[in-house]
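Colleague: Supplied in structure tokens, the structure appears directly below.
The values are calculated or read from the model by the stated rules, or taken from the named source; none is laboratory data. The model shown is predicted, which means the values in this text are computed figures rather than measured ones. Every residue, glycine as well, gets a Cβ built from its backbone with ideal geometry; the counts of neighbours run over all protein chains shown.
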């Protein structure tokens with residue numbers, strides 16, 4: 001019978017390799033610590049938010065990586081050409097998020113609250129990916145954890161695009 005170390009060491013090595021490969025395959029412009037995103041404005045129920053817009057693949061990959069914080073009147077909106085299942089992972093995030101998936105009509109299809117960032121290189125390979133409960137979405141909004149509860153956002157909430 002294999003000892004605990006004989007089992008855990010190969011698993012740890014594999015996790016590190018997967019994490020390194022994952023980080024190396026991120027587009028170079030997504031790795032920059034300072035990235036400029038186009039800005040827009042949305043309304044979620046009665047709350048108006050200034051949002052960074054992630055439309056290109058590089059912008060979507062980069063997301064909120066390395067940013068220190070978001071105020072409650074700020075967020076990032078990911079815009080997709082078609083409704084699809086959209087997984088979100090928390091690589092290089094500095095703070096937890098509330099994440100809201102919307103269909104093309106602006107209806108909430110899923111809410112994930114207080115999604116924690118990946119904390120280590122090994123965890124990067126195994127970091128939890130939330131896929132919006134497997135429901136199709138056209139937009140995904142990332143906001144500071146606590147936003148959903150603070151503003152009573154529910155499955156009945158409605159997204160209105162003001163400018164993106």
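Colleague: When you scan the range 78-95, do you find a residue that is more than 16 Å from the chain's Cα centre (by Cα) and either surrounded by fewer than 16 Cβ atoms within 10 Å (Cβ to Cβ) or in contact (Cβ under 8 Å) with a residue 60 or more places away in the chain (or both), even just one?
Modeller: Scanning the range 78-95, I find at least one residue that is more than 16 Å from the chain's Cα centre (by Cα) and either surrounded by fewer than 16 Cβ atoms within 10 Å (Cβ to Cβ) or in contact (Cβ under 8 Å) with a residue 60 or more places away in the chain (or both), so the answer is yes.
Rundown of residues vs (1) modelled with pLDDT under 95; (2) over 29 Å from residue 46 (Cβ atoms); (3) assigned to a helix (DSSP H, G or I), yes/no style:
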{"position": "77", "(1), (2), (3)": "no, no, no"}
{"position": "92", "(1), (2), (3)": "yes, yes, no"}
{"position": "101", "(1), (2), (3)": "no, no, no"}
{"position": "113", "(1), (2), (3)": "no, no, no"}
{"position": "123", "(1), (2), (3)": "yes, yes, yes"}
{"position": "128", "(1), (2), (3)": "yes, yes, no"}
{"position": "137", "(1), (2), (3)": "no, no, no"}
{"position": "141", "(1), (2), (3)": "no, no, no"}
{"position": "153", "(1), (2), (3)": "no, no, no"}
